[in-house]
Amino acid sequence: MKYFGNKEVFAFAYELKDCPFNVSGKNEPTWGIFQMWVNDKSVCTYLREDQRHEYEWDLIFIVEWLCKNKNNILNESQFPLPSEGNNALELYYNSGDFDSDNIDVFDTWFKKRQDWYFKHSWYSNNGGSYLADVLFRRVADTIEIAWDNTELYSEIKYNNPKGIYYIPIKLFQNVVDSFIEDFMLEVSVSEEGMGLIQKLQELFKE
């Protein structure tokens, strides 16, 4: 595993490997294992049938989401709706209670809510996997990382199902950038991977 950051505060780790579902013989250069550590807690590790599992899937989904939304996380500090809450989880959940007889007002509210969620939780790009739902939000000079996956899936249980922590914004940016750059370098070694990485490179530059 390659590690980026400090596991006791905030870190990513990943390792590319052969896709276990590959029956066509085609190379899957972006398949691998991914970990995220916050306050020495592995957020994506889970139990299924009493067996411990690390998150394993096509990592292109996570990397693509980070490339698209890193700047949204770093620059957006305000929740787009007048919802009450002390953290991202409360703001998002409480905003779901809104109701209105005006269909246009109702639709506008929930479009803003959904757009914010898509920009701040990578779960919106999970690719059908057991990815933990995590919200990333800027608060002053920190990044708030908040999650509650106690009831996300019925068939698995996360080792660390809930948490809210604040990490230095510079650490978040360095970990994300280092992970993305290393991932693109590793994947681009193969011909199949190079084609995938070209799109990511454009997103990463934006």
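Structure data summary
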| quantity | calculated |
| --- | --- |
| The chain: angle of helix 103-120 to the longest principal axis, Cα-based, in degrees nearest 10 | 40 |
| Helix 169-187 vs. the chain, principal-axis angle (Cα, 0 to 90°, nearest 10) | 40 |
| Nearest 10 degrees, 0 to 90: helix 60-75 Cα axis against the chain principal axis | 40 |
| Whole-Hz couplings from phi, Karplus 6.51/-1.76/1.60, listed for segment 44-59; x for Gly and Pro | 9, 6, 9, 10, 9, 6, 6, 10, 6, 10, 8, 5, 9, 6, 6, 6 |
| Accessible area of LYS162 in the full protein assembly, 1.4 Å probe (Å², nearest 10) | 130 |
| Principal axis dimensions, largest first and in whole angstrom, of segment 1-111 by Cα | 54, 38, 34 |
| Which listed pairs, of LYS68/LYS157; LYS41/LYS199; LYS68/LYS112; LYS70/LYS199; LYS2/LYS70, have C-alpha distances above 24 Å, in listed order | LYS68/LYS157; LYS41/LYS199 |
| For segment 75-154, the Rg and Dmax computed from alpha carbons only, in angstrom | 13.5, 39 |
| Nonlocal amide H pairs with ILE143, under 5 Å, H built at 1.01 Å | ILE167, ILE169 |
| log₁₀ of I(q)/I(0) at q = 0.09, 0.12, 0.16 Å⁻¹ - the chain, Debye sum with one point per alpha carbon | -0.37, -0.65, -1.12 |
| Cβ charges +1 (Lys, Arg) and -1 (Asp, Glu), total dipole of the chain, debye | 380 |
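The values are calculated or read from the model by the stated rules, or taken from the named source; none is laboratory data. None of the values given here were measured: they were computed from a predicted structure. Please note: Cβ atoms are built from the backbone with ideal geometry, for glycine as well, and neighbour counts cover all protein chains shown. Side chains included, ligands, DNA and RNA excluded: accessible areas come from the protein's heavy atoms. Shrake-Rupley method; radii C 1.70, N 1.55, O 1.52, S 1.80 Å.
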